[in-house]
Amino acid sequence: MIKFIKKDNLVKLSIILLIFLIGFTIRADSIHLQGIPDDQKAFYEDQNGIPYMYEFDSYYNYRLTENYLDHGYLGDTVINGTEWDLHSYYPPGVPLDYPPLISYLTVFIYNLVNIFSQIPLLTVCFWIPAFIGPIAGIVAYLFVRRFTNEYGAFMAGILTVTAPLYLIRTVPGWFDTDIFNIIFPLLIVWFFIEAVESKNNRMQILFTFLSAFSMFLFSMAWNGWQYLFYIITIFCIVYLINGKIKGNNIRNILNVFISFFTVSIILISITNFSNILNFIYSPLQLIKISGNQSSWYPWPDLYISISELMKPSIEELFAKVGPVLFGLGIIGIFLILRLLVNNQLKERFLSRMSWFFYLLIVVWLLIGFVSLFKGIRFILLLMPPLIISAGIMVGISVEYINNLKGKLKGKEIFVKFLCLTFIIIISIPALFNAYESSSLVPGADDDLWNSATWIQNNTSNNTVVIIEWSYGHFFSAIADRPVTFDGRSAYIETMPLRQFYNNSAFNPQSPSTSREYWIDKAFCTSNESLAVGIFRMLSTGGDKGYLTLDKYTGNTSKSVEILNNILGVNKNSSMKILINNYKLSPEEAKEILKYTHPDNPNPFVIVTYDEMIYKAKWTFYFGEWNLNKNIGKNYTFSVGTLNITDSEINTDNNVTGNLKTNNITWNEKVPYCEIIVENNKIEKHYLNKNSDFCIFLLKDSNKSVVLDKRFENSMFAKLILEKSGSSNLKQVYRNRCVVIWK
């Protein structure tokens, strides 16, 4: 018996190590940047030869972790007892509401490894995801092993570590909270089911506490932890009511549920009471944002432009989950049902499975599918129930193959061979798909890094960086300067809690998507003074300009109209416009001008990056937003790769022509104007006064850009396409892809 136990544990340990090694190896392989030519790889690597982070939220997590290591809390400072982030959405910054577990864990590991060697914090942050991701596979294996055989449990682990979306979000260099979004849901449900089905009181108490403690950790790991708490709570309430009506014995489930709910709430509220407020108010906020009118009305809804918040297509869902996991998971749901309704088959194949557990998986899966309406990233919520179902499905299939032993007496080895062959056949596609998915391109590069370090070394600490929001986290972390807008956008997660913040610098209407409108407006306009006025207002007054004006007009659309009329002129002219044209009192006008035309404005720099060209569609859409009608317009825009051979123009966005003859077309139509940019020289030709678009040929970066002719002389054209600047904005730094304007 002792030998058997030792052998069983050895098998279990071997499988755990194998799952971890497979998961880690696939992730670690991504650092070789296989999808990038060898002569270009160095551009995407830092001075130590390590790739830059793959997405910019990683730099936000790095900055908060650096804060925690430096002074013991994630924020930059504490104001009225609240941690405050003075780098994000500045001015005035924001109360920090971020889940701290990723920083706590990283600092612990950083301190541990630096006992033996000197490793930079950024390097530790880079590698953390590659170690956390495979642990999810181990948890899946141990969970599913509780309900099926080793084969099914092993496949649950393999399908977890190779699931494409989870793999991508746990490669080295993807330092974000998604690394926890498979581990904790599996732990919570696993321990909860163990508690419900345990016949031993002590073990029931232990598993209930472990489930509640896992929920507590989940609340410290991800802002969306409430979804699973609601699933378990609502499911148990409905199940208990139904059981009571039918006269079933529900005492065991009731005891576990009440204990789980109570302990979870106590643990979560003791460490962070705002999480309880989030738990209470989040459903109301969800109902609000699911309505026809945007939560940001009348401002444009920036979130519609974020790719990971767009609804996935069937093909995208299939690809992100993984065809093997998706197929086995869905088939498994129906196969398990078929076996559960037949007592004989249940005892034969699913003796450890209960209706309570099965129905919880089904509800969990259905809620996961519903969450997809909120975006691709929520595919992660769908994965845990699919993993469980797929693992049990494989286990059932292997049990069926094992039953052939009775028909193939003396051929037990052959039956084992069939079982292993079945596992290999399933594993190979999942592994190949995983290797293909791990070929990524870092989000940052040498040009971004060098420009950020230039800002850090050549600007004052109060200099505000203005850049397209998706790069904000990078510059706030590496340049160590506040940014007007970043990847947390309008801080939608904080909306349920804003009424409880205690700080005079904070307004419940802010943060909002208003900054997207103002920054894009500055790039859309051809009025240079207006653009500079917008940047000055944002970098010193933040949102207070329009919020103060709103108090007097009671109409945000009217406030925006007024601001667009005064931001481009000097303070004295603005005073006259406010008093004479809009009938404000001198005192009211002075109050507004404190924020729109400050006497001592903060210094600011504007950073433009070539990649911003690809997002120009949204720049024009949001920058020309009609607040009165609450609509935007899709302006003519196209970008392609430019190839010029013997003056012949060829592109992949249907721009064709000849430079010698200036015979150029887009979709066989002649443009209003043709603008050629090369070596800081701009050559412009007007070709067709009846046309409504212009063509920019950017020979230095090999791009062809088509855009509506109303933006021919816009700040977007001057700063990003032509890189020519203006009388008020001058280049202070430039490399191949980035320009800093001051």
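The values are calculated or read from the model by the stated rules, or taken from the named source; none is laboratory data. Bear in mind the structure is a predicted one, so any value in this text is a computation, not a measurement. Using ideal geometry, Cβ is built from the backbone for each residue, glycine included, and neighbour counts are taken over all protein chains shown. All accessible areas refer to the heavy atoms of the entire protein, side chains included, with ligands and DNA or RNA removed. Shrake-Rupley method; radii C 1.70, N 1.55, O 1.52, S 1.80 Å.
For this structure, a couple of remarks:
- Amide H contacts under 5 Å for residue 443, placed H, 5+ residues apart: 54, 55
- 25 Å Cα-Cα threshold exceeded, pairs from 629/703; 629/709; 689/718; 7/199: 629/703; 7/199
- Whole-percent carbon and sulfur share, accessible surface of the chain, 1.4 Å: 56
- Nearest 10 degrees, 0 to 90: helix 556-566 Cα axis against the chain principal axis: 40
- Under 20 Å from the Cα of residue 617 - aspartates and glutamates, other chains or at least 8 residues apart: 301, 308, 468, 486, 516, 520, 652, 674, 692, 708, 712, 722
- Helix 323-340 and the longest principal axis of the C-alpha atoms of the chain enclose an angle of approximately 40°.
- Whether region 231-277 is rounded, prolate or oblate, judged on the alpha carbon gyration tensor where a/c under 1.5 counts as rounded: prolate
- For Cα extents along the principal axes in Å, calculated from these coordinates, the label among (i) 92, 65, 54; (ii) 68, 59, 56; (iii) 88, 79, 54: (i)
- Cα gyration tensor, region 561-699 - rounded (a/c under 1.5), prolate or oblate: prolate
- Set of aspartates and glutamates with alpha-carbon distance to residue 590 below 13 Å, sequence-local pairs under 8 removed: 599
- In the structure shown, the pairs 571/594; 551/633; 374/544 are assessed against 20 Å; a Cα-Cα span above that value is assigned to 551/633; 374/544.
- Region 531-582 shape via C-alpha gyration tensor axes, a/c threshold 1.5: oblate
- Region 665-742, relative contact order [Cα under 8 Å, separation at least 6], %: 21
- Computed packing ranks the peptides 640-653, 80-93 as 80-93, 640-653, most packed first, by mean other Cβ atoms within 10 Å.
- Packing around the peptides 57-65, 718-726, taken as the average count of other Cβ atoms within 10 Å per residue, puts them in this order, highest first: 57-65, 718-726.
- The chain, accessible area per residue, ligands and nucleic acids excluded (1.4 Å, Å²): 43
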